[in-house]
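The values are calculated or read from the model by the stated rules, or taken from the named source; none is laboratory data. Since the model is a prediction, treat every value here as computed from it, not as a measurement. Here the Cβ positions follow ideal geometry from the backbone for every residue, glycine too, while neighbour counts run over all protein chains shown.
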Protein chains: 2
Amino acid sequence: MGTISARPTRSTPTTRGAGRPRDPRIEQAALAAVRELLAEGGYPAVTVAAVAARAGTTKAALYRRWPALPHLVHEAAFPGELALQMHLGADLATDLAGIVRGTRDALCAPVAAAALPALLAEVSTWPDLHAAMMQRFAGVFRDLDERLRAAVDAGEAHPDARADDLLRLVIGAVISGVLLTPDELDDAWVERLTATLARSLRP
Amino acid sequence: MGTISARPTRSTPTTRGAGRPRDPRIEQAALAAVRELLAEGGYPAVTVAAVAARAGTTKAALYRRWPALPHLVHEAAFPGELALQMHLGADLATDLAGIVRGTRDALCAPVAAAALPALLAEVSTWPDLHAAMMQRFAGVFRDLDERLRAAVDAGEAHPDARADDLLRLVIGAVISGVLLTPDELDDAWVERLTATLARSLRP
DNA sequence: CCGATTACGGTACTCTCGGTATCGAAAGAG
DNA sequence: CTCTTTCGATACCGAGAGTACCGTAATCGG
């Protein structure tokens with residue numbers, strides 16, 4: 001339902017009736033401009049004027065597509081769902097490792113890491129951003145929930161295990177790492193966290 | 001060199017020579033004003049002009065004491081070290097529960113929860129804030145490290161257990177909870193997280 | 001007591017930035 | 001052709017961070 005905007009600001013690829021159609025190149029140019037500015041100067045460098053200038057358009061064209069700057073940044077930094085491919089086939093520890101590594105890779109990418117702190121802070125100002133960010137993890141949560149349920153049934157995991165708690169633990173560890181100690185989230189950290197979580201799931 | 005300021009902006013309680021001394025009531029009034037504004041209108045309500053007005057002083061007096069707004073907010077929202085009293089006496093699970101609950105209580109207090117997101121976002125702009133925020137956990141880390149070492153020696157904990165990883169897990173879980181799902185950090189959540197962490201520490 | 005120094009309140013100022021408004025022109029639909 | 005919408009361009013508004021200057025007040029060393 002109408003998060004973002006009541007008007008067809010985004011989505012609705014349906015050719016709605018009259019009027020000059022939007023130039024689809026502007027949207028792509030804007031998203032690319034945001035990503036460049038994030039990589040070059042961090043979030044402070046992402047001003048509406050700078051994005052418009054680099055995208056070769058104007059502020060009005062941007063506000064015609066996104067209700068506010070954070071929405072544009074969010075779409076630029078986190079396009080689509082987090083499709084960290086977990087194959088779900090392997091044993092629980094391996095699947096866990098995939099989730100941990102995938103989450104870290106997604107949130108530690110330069111563009112994402114530069115946008116995440118400010119985006120999280122803007123959540124209180126723009127409630128719809130909250131839902132939008134959470135939805136990025138919807139698919140992962142569904143898969144993890146299913147996988148965990150199977151593991152519990154097979155006696156491989158503790159019956160109290162909950163997918164939401166587990167995922168929140170992973171996301172929290174990565175987020176606080178990105179915010180506070182971004183240099184320590186190396187592969188060894190991934191392995192340690194995976195091992196810790198695997199131990200916590202033992203029946 | 002000189003992060004914060006070269007001048008004795010803060011600290012230096014030493015009576016330095018000449019000049020009219022600072023009115024100590026202004027500092028307290030400013031910190032109280034920030035806490036009130038945070039509680040009433042969240043971080044967006046904390047503007048320098050508003051703080052000065054409520055504290056009954058002027059912006060200049062504030063900038064004479066803190067290099068920038070985030071520093072003032074940080075000191076107001078997180079005064080001193082996090083002294084979540086862990087008695088270290090009980091068994092590991094009980095001590096763990098104390099840390100989890102104490103961290104949650106400290107970061108979920110209305111004033112802290114209102115300030116934390118924006119403060120975390122400002123870390124990239126004001127690097128000295130990073131050190132200041134991390135130091136709030138220095139004591140907790142030291143105690144936890146000591147406690148964990150004893151548990152490992154006693155065979156109560158897995159030898160791979162690391163205090164920094166464990167504390168990061170707790171802080172991350174609380175922070176991401178505050179930022180994303182502040183309503184779900186109830187006592188039941190504390191118990192579940194404690195149990196999970198305790199399981200992960202089993203030898 | 002005297003000068004030097006620093007903080008005080010008050011005010012005005014600059015600068016940046018998010019967001020809005022207005023304009024004529026252009027591009028499509030019916 | 002008309003109606004609608006987007007286009008680029010520009011100007012504008014309001015808010016807020018941070019700075020500068022003023023005359024005044026307090027405290028120091030001498």
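When you look at B:Ala29, is it modelled with pLDDT of 95 or more, touching a Gly at 6+ places or on another chain (Cβ under 7 Å) and outside the structural domain of B:Ala113 (by TED's automatic domain parsing), yes or no? Here the answer is yes, as B:Ala29 does meet what is asked. Considering only segment B:43-102, state which residues are among the small types (Gly, Ala, Ser) and either within 14 Å of chain A (Cβ to nearest Cβ) or more than 16 Å from DNA strand C (Cβ to nearest atom) (or both). Within segment B:43-102, B:Ala45, B:Ala68, B:Ala76, B:Ala77, B:Gly80, B:Ala83, B:Gly89, B:Ala90, B:Ala93, B:Ala97, B:Gly98, B:Gly102 qualify. Filtering segment B:54-100 to residues that are within 16 Å of DNA strand D (Cβ to nearest atom) and either at pLDDT below 95 or of a type in the set (Ser, Thr, Tyr) (or both) leaves B:Thr57, B:Thr58, B:Tyr63. Taking the criterion of being loosely packed, with under 10 Cβ neighbours inside 10 Å and either within 13 Å of A:Arg65 (Cα to Cα) or modelled with pLDDT under 60 (or both), the residues of segment A:9-26 that qualify are A:Ser11, A:Thr12, A:Pro13, A:Thr14, A:Thr15, A:Pro21, A:Pro24. Scan segment A:17-40 and tell me whether some residue there is assigned to a loop (DSSP other than H, G, I, E, B), within 14 Å of chain B (Cβ to nearest Cβ) and within 16 Å of DNA strand D (Cβ to nearest atom). No; the residues of segment A:17-40 include none that is assigned to a loop (DSSP other than H, G, I, E, B), within 14 Å of chain B (Cβ to nearest Cβ) and within 16 Å of DNA strand D (Cβ to nearest atom). Mind telling me which of the residues B:Leu62, B:Leu82 ends up being surrounded by 15 or more Cβ atoms within 10 Å (Cβ to Cβ) and closer than 29 Å to B:Asp143 by Cβ? Just one listed residue meets the conditions, B:Leu82.
Residues in segment B:103-123 that are under 12 Å from the mean Cα position of the chain (by Cα) and more than 10 Å from chain A (Cβ to nearest Cβ): B:Thr103, B:Arg104, B:Asp105, B:Ala106, B:Leu107, B:Cys108, B:Ala109, B:Val111, B:Ala112, B:Ala115. Looking only at segment A:183-203, residues that are more than 10 Å from every other protein chain (Cβ to nearest Cβ) and modelled with pLDDT under 95 come to 1 in all.
Filtered by the rule that a residue be at the interface with chain A (Cβ under 9 Å from one of its Cβ atoms) and within 13 Å of the chain's Cα centre (by Cα), segment B:124-152 gives B:His130, B:Met133, B:Met134. Scanning segment B:24-42 for residues that are within 12 Å of DNA strand C (Cβ to nearest atom) and charged (D, E, K, R) yields B:Arg25, B:Glu27.
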